[in-house]
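Only one structure is covered here, and it is reproduced in the block below.
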Amino acid sequence: MGLRATSFLFLLVIIFTAQQAAANKKSDRKAVARVKADIYYLASDSLEGRRTGSEGERKAGDYIENRYKQLGIPPYKEHYRLPFQFPYGREVVAPAEVRIGKIVLKQGEEVVLFPFSKSARVKSEVLPDILETGKIWLMPLYADGDEANNPHFEWEKTVYEKARDAARQGASAVLFYDGYGSKFPPEFNRQSEYETVDIPVAFLTNQAYKKYIADDKYEEYISDGMAGLPVEMNIAIRKVERTGTNIAAFIDNKAPYTVVIGAHYDHLGFGEDGNSLYAGKDKSIHNGADDNASGTAAVLEMAAQINKKRKKLHHYNYLFLNFSGEELGLLGSKAFVKETGLDSTKVAYMINIDMVGRLNDSTHALTIGGIGTSPAWAQFLAKPNKLFKVVVDSSGIGPSDHTSFYNAGVPVLFFFTGLHSDYHKPSDDADKINYPGEVEVINYMDEIVTQLETEPKPGYTVTKAPAIGKTKFKVTLGIMPDYTFNDGGVRVDGVTEGKPAIRAGVKTGDIIVQLGDYKVQGMQTYMEALGKFASGDKTTVTVMREGKTVVLPIEFSTNK
Ligand SMILES: [Zn+2]
């Protein structure tokens with residue numbers, strides 16, 4: 001071929017590549033617009049943080065369902081929505097009450113009930129500290145004032161054990177009282193894990209104690225012929241069930257195996273379920289733009305792209321899942337695996353997307369979890385990645401929904417752009433999302449899906465459970481580790497108000513290299529070191545700060 005022809009051909013290639021790049025840019029711009037629209041809606045205040053079982057979750061479900069309908073992707077089952085029930089603690093059933101004489105005590109203010117109390121009605125005429133068989137026992141909860149004002153006093157454990165022992169010794173019920181005025185009094189903990197004891201149990205606050213019992217005040221309520229203070233406990237407690245709703249859409253290519261692409265869409269609401277990291281006192285909407293409106297938008301965008309390329313991508317069926325209940329313990333994905341009779345042998349692999357909206361423009365760090373769950377995954381690490389600094393987590397078990405599928409024998413991949421200081425706070429908002437970065441992550445996942453279409457079904461390998469599961473921590477430091485950092489030590493991505501680290505002067509950006517005498521190389525050794533300390537222990541934490549070693553005195557507190 002002559003020089004002229006060659007240079008003309010070369011010119012053609014240049015033009016074609018430029019056109020291709022321009023086309024990609026254009027389609028990326030459109031993808032950014034779609035993802036932005038999804039995240040802004042899902043993270044808007046009107047959805048009130050999409051708490052499982054809430055009106056906000058329902059609105060989000062409507063939105064996702066309509067997006068699938070727009071895309072022309074039918075439901076997996078008869079309907080897109082797949083509701084699931086889950087136990088959600090216990091609650092008091094009206095008209096539960098405690099009476100002294102004819103006075104009905106005010107719940108919370110004067111009397112506190114316990115979820116592990118037996119539901120029954122008992123009446124007795126009692127005297128304080130006189131513990132007779134077959135009667136209600138009116139007894140102190142605290143041994144002394146120190147116990148009453150010890151922030152670490154385990155009141156729930158004490159109430160449970162003392163009530164259980166009282167039942168064994170013949171009490172018909174126990175009414176504890178606070179004679180000291182504890183600053184940390186018991187409260188009704190709906191999520192208590194204590195089993196129901198054999199007798200009714202309640203607690204008189206210090207306010208009620210002073211009003212009705214102290215200084216022989218109780219004698220005012222004893223009329224002639226009575227053996228003591230008339231006390232009536234009418235307790236009714238019931239288990240609570242809540243409903244969450246998964247959303248499922250399906251591209252049925254009549255293929256033998258199915259690929260699952262999923263993400264949770266629930267979030268924390270106003271932080272009612274105790275999983276918020278917000279230290280503020282005000283009730284605020286946790287908008288959950290990154291966690292996990294970003295993953296939800298990514299699933300919708302992947303669905304759009306796979307559906308568009310359906311003619312090319314038909315080696316597998318594609319199941320798109322939007323889980324609820326993830327923030328309450330992967331409840332939606334667990335329920336899906338268990339209840340829909342998913343045959344894991346028919347699932348080729350599962351991609352889980354949780355928090356892909358905050359790609360760091362300088363590090364470009366992208367965590368891929370589950371790499372050890374299939375020999376087929378190594379290839380994605382073999383070739384150098386121009387776009388991302390890939391941080392690998394080999395375990396199939398992690399803090400998100402892929403765990404439910406891995407545990408069912410499905411190879412998984414988990415995508416995550418890292419924690420940040422807005423994690424699980426009301427400040428996780430849509431205007432902080434890196435939209436072009438998210439689209440880059442989506443395109444990368446799409447490339448992987450396209451690649452896997454041309455390969456045999458990935459094999460499944462068991463991985464080691466991460467250390468996190470094994471060690472039960474009594475204490476916390478109150479830092480947000482940077483899971484994407486792996487250059488020795490643990491880099492601090494954020495410090496939580498009121499916790500030991502911030503009190504010791506640990507700062508965001510510090511790299512923890514030692515806890516007491518324990519060297520910290522990474523998350524694993526950090527977790528192991530943390531497991532060695534107990535509440536109240538005083539030691540030092542050594543950090544690298546701008547290249548200098550800084551040693552800070554620290555005192556641990558309970559992991560609550
Ligand atoms: Zn999440």
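For K532 and A21 in the same chain, what is the full-extension length gain: residue separation times 0.36 nm, less their Cα-Cα distance, in nm?
178.5 nm
Hey, rough spin-label estimate for K309 and K519, points 7 angstrom out along Cα→Cβ, what's it come to in nanometres?
So the two model labels end up 4.6 nm from each other.
Listed here are the pairs K432/K507; K162/K217; K26/K425; K311/K346; which of them are more than 31 Å apart at the Cα?
Too far apart for the 31 Å limit: K26/K425.
Find, among the GluC sites (Glu not before Pro) in region 49-87, those assigned to loop by DSSP (not H, G, I, E, B) with at most 14 other beta-carbon atoms within 10 angstrom.
Passing sites in region 49-87 are E78.
So for the pair T340, D144, with labels modelled 7 Å out along Cα→Cβ, what separation do we get in nm?
Using points 7 Å along Cα→Cβ, the separation is 6.0 nm.
Helix-only estimate, please: 222 nm mean residue ellipticity of the chain, summing -39500 (n - 2.57) across DSSP H runs of length 4 or more and dividing by its residues, to the nearest 500.
Value at 222 nm, helices only, nearest 500: -8000 deg cm²/dmol.
In region 313-354, which chymotrypsin sites (Phe, Trp or Tyr not before Pro) fall in coil by DSSP and have 11 or fewer other Cβ atoms within 10 Å?
none
Heavy atoms only, 1.4 Å probe, whole protein assembly: order S276, S362, S192, S27 by accessible area, highest first.
S362, S27, S276, S192
Give, as ranges by residue number, the residues of region 321-362 whose backbone N falls under 18 Å from the point 7 Å along Cα→Cβ of V240.
Label zone hits: 325-332.
In debye, nearest 20, what is the charge dipole magnitude of region 264-384 about its Cα centre with +1 on Lys and Arg Cβ and -1 on Asp and Glu Cβ, if you could check?
Charge dipole of region 264-384: 800 debye, to the nearest 20.
If a paramagnetic tag sat 7 Å from the Cα of L387 along the Cα-Cβ line, which residues of region 357-373 would have the backbone N under 19 Å from that point?
Residues 357-371 fall inside that zone.
Could you report the accessible area of H79 in Å², rounded to 10, computed with a 1.4 Å probe on the protein chains as they sit in the structure?
The value for H79 is about 110 Å².
Give me the distance between the Cα centres of region 498-560 and region 134-192, rounded to whole Å.
Cα centroid of region 498-560 versus Cα centroid of region 134-192: 35 Å apart.
Which three extents, in whole angstrom, do the alpha-carbon atoms of the chain cover along their principal axes, largest first?
Its Cα atoms span 122, 61, 40 Å along the three principal axes.
Taking R0 as 22 Å, what's the FRET efficiency between H79 and E272 from their Cβ-Cβ distance, rounded to 0.05?
Calculated transfer efficiency: 0.20.
Trypsin sites (Lys or Arg not before Pro) within region 136-231: which are DSSP loop residues with at most 11 other Cβ atoms inside 10 Å?
Passing sites in region 136-231 are K183.
Scaled to the compact-protein estimate 2.2 N^0.38 Å, what is the alpha-carbon radius of gyration of region 475-558, rounded to two decimal places?
Compactness ratio reported: 0.95.
Describe numerically, in nm with one decimal, the distance between label points set 7 Å from Cα along Cα→Cβ at L12 and at A378.
Going by the 7 Å Cα→Cβ label model, 4.1 nm.
Please report the base-10 log of the normalised intensity I(q)/I(0) for region 226-315, using a Debye sum with one equal scatterer per alpha carbon and no solvent, at each q in 0.12, 0.26 (1/Å).
-0.65, -1.33
The values are calculated or read from the model by the stated rules, or taken from the named source; none is laboratory data. Bear in mind the structure is a predicted one, so any value in this text is a computation, not a measurement. Heads up, the Cβs are rebuilt from the backbone with ideal geometry, glycines too, and the neighbour counts pull from every protein chain shown. Just so you know, the surface numbers come from the protein's heavy atoms only, side chains and all, with ligands and any DNA or RNA stripped out. Shrake-Rupley method; radii C 1.70, N 1.55, O 1.52, S 1.80 Å.
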